[in-house]
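First comes the structure, then the notes that go with it.
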Amino acid sequence: MQGAERLVKERRARLAAERLLDQKSRELALANDRLSTHALRLSEKVADQRQTLQAVQSEAAELQGTNVQMKSDLARALSAATLAQRRLWEAVETFRDGFAVFDTDQRLIIANGAYVAMFAGQGGDEGGAGTELQAGMLYSDIIRLMADGGIVDLGGRDPADWHHEMMERAGTDPIPPLVLGLSDGRSLRLIDRRGETGDLVCLTADITETVRREAELEEARARAEAASRAKSAFLANMSHEIRTPMNGVVGMADLLCETSLTEEQRLFAETIKSSGEALLTIINDVLDYSKAEAERLRLSPEPFDLERCLYEITLLLQPRAREKGIDLLVDFDLFLPTRFVADPGRMRQILTNLIGNAVKFTPRGHVLTRVVGLERPDGQFDLHVTVEDTGIGIAEANLEAIFGEFNQVEDEANRTFEGTGLGLAITRQLVTLMGGEIWVESEPGKGSCFGFRLTLPAAEDAGPLANHRPVTLRAAVLADPSMIGRTILTRQLETCGLTVRAHRSAAEALADLTANPACDLLILDQDDGGDLERALAAARRTLPDARILVASADPVHLRVADGLVDAVLQKPVLRSELFHRLQDFSASPSVTPSASPSAPPSAAPQPRRRLRVLAAEDNRTNQLVFRKMVEGLPLDLTLVANGRQAVDHWRADRPDLIFMDISMPEMDGRAAARLIREHEAAEGDAAHVPIVAMTAHALQGDSDDILAAGIDHYLTKPLKKPEILAHMAARAESLGLSLSPDVQSPAALRDPG
Ligand code: ADP
């Protein structure tokens, strides 16, 4: 048994081992499969990874190249930036102005030498100029250093206040510029800007030199202004001081001329008078010029009669022209209105200068003033005025210079003439001020022609020959030795509807009349050359029904026997005067010869009482002149010595007319006029008494000032008898009183400019 059992056992064991082996073999085969699959995959992965590695390796190589490039670029950029910064900083360092930059916390980043130098020596660090100013310092501390360290001149202010103000300023945006005075006398302008990132960029400019120059200029300007004011005041005073006694000199000489004198005494008296007047002209020129220079010349445009203005000027210059034997002619464009709007006083000044010069520089021949013009679409007139003479002329080289100040032609022909050389300078200033231009053409030995152009509005009441009374005269014969005079008069008569036969002399005219007696109007000339009285007598016989006129440059000295002439025409003939004369003749056809051409046209009404005139004047000589000028007139004159007395007298006596000096002691003329007007205002309109100021003042603004005081008119000294009489005559006429027989008609009244 034991063996069998054992065998069985062994067999069983073998079978078991065989099964196990079998199982393990299968497992092994399975594992082998898996292993080979895994190995396959693994090898695929390895291949992939190898590829990736290659790619990475090539990328890395590429990157390395780029890196090298960038490194070199960076190095270059860095060196360029360093260079730029160095240059910038070197530039900033060369600034004379201080420059500093603070960061957003207002800590100093950087400052140039000039900025640092502001603090030189501050902080007690000897030799270390500005060493206390370091990067990182607060703006606030730097400001404090400026205040406490005495860098800034605080002008006694509290440094803490100043610091506070400066910090407030730094907080604003934009920061306003500021000028600081330093204790060492320098001046700094602070210009601060906030950068985009919030940095504070500060610039301090040293403007010491500019400030010093500005101060110098300011001082010079103040000095110049003070000097100019002093000059104006001096001129005004001088004018007053000189005019007042000159009023006495000229006025008295004038009165003296009217007394009976020997030939020699008359010469002396007339010389005193003309020298006085010449002196006054010079004073006026100097005053005007200084006004123009100070740009204080102003215009006061108003309607005025240009033709009449010219006529008056020629009348004034007529005596001088006659003395020299030259003809003064006016040719006023027949188709122009006569009334325009401009400053009449200044217009008169321009024309007086030009015509006066022409008369002065013309020894023989004529002076012709011509006014022509055209209407513009806007209704204004382009006027062209020329003053032509046959005088000594002006050399080409001097033509421009004569319009300059104090310029006179210095040559043989010119040496004998007086003058200031200011007239043309003022004239040019005035013409320019009126918006016009002036020129001159001249030929030495032949004559000169001064012209100016102006554009002026016609006065609304214009219209050359405004009223409609008819002229019925038809045929005129005239004799005038001057060709231009003949032409002008002929044209004027033709415009009035007459046919004209013009001749050179009365003899020629008479010959014509004998052949052809068709004539309603005969005009002969005072300077005919022949025997005028005889010619007139002959004419009267030939033409019993015609009107006979004598044209005269000097009607005062024209003496013609009774009944020979109907009227005397003042030369130059004013168009409106001639027209009115023709209208008068047409209205009353009968011949009513007037014996004395200067006698007033109609009898005055019988005087009911005498005109009461009050004159206030403190200067005794001027009082005397005034009294003498009105002597012989039927009026009651009261003279008082100041404004106070004038007001008192006005209250007590109620004069018809007051002449009032402006500068008087105690109460001046303006104040007196104002008081009188105040009293009158309480009494109603009818109380108004005309007040005429008499003034020596000639500075601009005086006239406005005077008129503002309630004064109606003013006369500039020295007083002229005709002007005073004209005011009196106008007042007398308005009250129905008479001042005849000595006084000119009120038509002669004009306001002095
Ligand atoms: P004044 O006449 O006071 O000397 P103006 O300024 O009026 O000064 O004239 C300047 C100068 O121009 C005169 O001195 C003269 O030499 C010259 N002049 C002016 N007008 C004429 C003229 N019509 N004919 C010749 N010379 C003239």
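Here is a check on your reading of the model: is LEU182 under 30 Å from ILE662 (Cα atoms) and surrounded by 15 or more Cβ atoms within 10 Å (Cβ to Cβ)? Let's see the steps before the verdict.
Details: under 30 Å from ILE662 (Cα atoms): no; surrounded by 15 or more Cβ atoms within 10 Å (Cβ to Cβ): yes.
Criteria not met by LEU182.
Just checking, how many residues over region 533-544 are out of contact with any helix residue (DSSP H, G or I) (no Cβ under 7 Å at 6 or more places or on another chain) and either at pLDDT below 85 or among the hydroxyl-bearing types (Ser, Thr, Tyr) (or both)? Qualifying residue count for the region: 1.
Based on what the data block shows, is THR210 at pLDDT below 90, of a type in the set (S, T, N, Q) and within 24 Å of ALA91 (Cα to Cα)? Let's see the steps before the verdict.
Working: at pLDDT below 90: no; of a type in the set (S, T, N, Q): yes; within 24 Å of ALA91 (Cα to Cα): yes.
Criteria not met by THR210.
Filtered by the rule that a residue be crowded, with 17+ Cβ neighbours inside 10 Å and assigned to a loop (DSSP other than H, G, I, E, B), region 570-589 gives LYS571, PRO572, VAL573, LEU574. If you scan region 609-627, which residues turn out to be of a type in the set (D, E, K, R) and over 21 Å from ASP656 (Cα atoms)? Answer for region 609-627, where residues must be of a type in the set (D, E, K, R) and over 21 Å from ASP656 (Cα atoms): just ARG620. If we scan region 337-350, do we find a residue that is within 15 Å of the ligand (Cβ to nearest atom) and touching a Pro at 6+ places or on another chain (Cβ under 9 Å)? Taking every residue of region 337-350 in turn, none turns out to be within 15 Å of the ligand (Cβ to nearest atom) and touching a Pro at 6+ places or on another chain (Cβ under 9 Å). Remark: pairs (first residue in region 347-365, in contact (Cβ under 8 Å) with a residue 60 or more places away in the chain and closer than 15 Å to GLN429 by Cβ; second residue within 10 Å of the ligand (Cβ to nearest atom) and of a type in the set (Phe, Trp, Tyr); Cβ separation under 8 Å; 6+ apart in sequence or on different chains) = LEU354/PHE450.
A quick yes/no check of all residues on (1) within 21 Å of THR281 (Cβ to Cβ); (2) modelled with pLDDT under 85; (3) more than 8 Å from the ligand (Cβ to nearest atom):
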| residue | (1), (2), (3) |
| --- | --- |
| ASP378 | no, no, yes |
| GLY393 | no, no, no |
| GLY404 | yes, yes, yes |
| VAL409 | yes, yes, no |
| LEU424 | yes, no, no |
| LEU433 | yes, no, yes |
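Say whether the condition of being modelled with pLDDT of 90 or more and basic (Lys, Arg) is met by at least one residue in region 443-460. The answer is yes, given that some residue of region 443-460 is modelled with pLDDT of 90 or more and basic (Lys, Arg).
Taking each residue of region 1-22 that is in contact (Cβ under 8 Å) with a residue 12 or more places away in the chain and looking for partners that are in a helix (DSSP H, G or I) with beta-carbon atoms closer than 9 Å, six or more apart or interchain, yields nothing. Scanning region 528-570 for residues that are of a type in the set (Gly, Ala, Ser) and over 26 Å from LEU310 (Cα atoms) yields GLY529, GLY530, ALA535, ALA537, ALA538, ALA539, ALA546, ALA561, GLY563.
In the set (1) away from the ligand (no atom under 16 Å from the Cβ); (2) touching a Pro at 6+ places or on another chain (Cβ under 6 Å), the condition left unmet by THR314 is number (1). Only one of the listed residues (ILE523, ILE484) is among the β-branched types (Val, Ile, Thr), surrounded by 17 or more Cβ atoms within 10 Å (Cβ to Cβ) and either closer than 20 Å to LEU329 by Cβ or in contact with a helix residue (DSSP H, G or I) (Cβ under 7 Å, 6 or more places away or on another chain) (or both). That residue is ILE523. What do you reckon, is ASN353 touching a Gly at 6+ places or on another chain (Cβ under 6 Å) and of a type outside the set (A, V, I, L, M)? Here the answer is yes, as ASN353 does meet what is asked. The number of residues in region 155-174 being touching a strand residue (DSSP E or B) at 6+ places or on another chain (Cβ under 9 Å) and among the aliphatic types (A, V, I, L, M) comes to 2. Looking across region 655-699, the residues that are β-branched (Val, Ile, Thr) and modelled with pLDDT under 90 come down to ILE662, THR695.
Going by what's in this entry, would ALA224 be described as at pLDDT 85 or above and under 30 Å from TYR289 (Cα atoms)? Here the answer is yes, as ALA224 does meet what is asked. Of all residues in region 356-371, exactly one satisfies the criterion of being more than 9 Å from the ligand (Cβ to nearest atom) and within 27 Å of the chain's Cα centre (by Cα), namely VAL371. Of the residues making up region 216-270, those that are among the acidic types (Asp, Glu) and under 21 Å from THR695 (Cβ atoms) number 2.
Say whether the condition of being touching a Ser or Thr at 6+ places or on another chain (Cβ under 8 Å), away from the ligand (no atom under 16 Å from the Cβ) and among the hydrophobic types (A, V, I, L, M, F, W, C) is met by at least one residue in region 284-299. Yes: region 284-299 contains one or more residues that are touching a Ser or Thr at 6+ places or on another chain (Cβ under 8 Å), away from the ligand (no atom under 16 Å from the Cβ) and among the hydrophobic types (A, V, I, L, M, F, W, C).
The values are calculated or read from the model by the stated rules, or taken from the named source; none is laboratory data. Just so we're clear, the structure is a prediction, and the values are computed from it rather than from any experiment. Cβ coordinates were reconstructed from backbone atoms using ideal geometry, including for glycine residues, and neighbour counts include every protein chain displayed.
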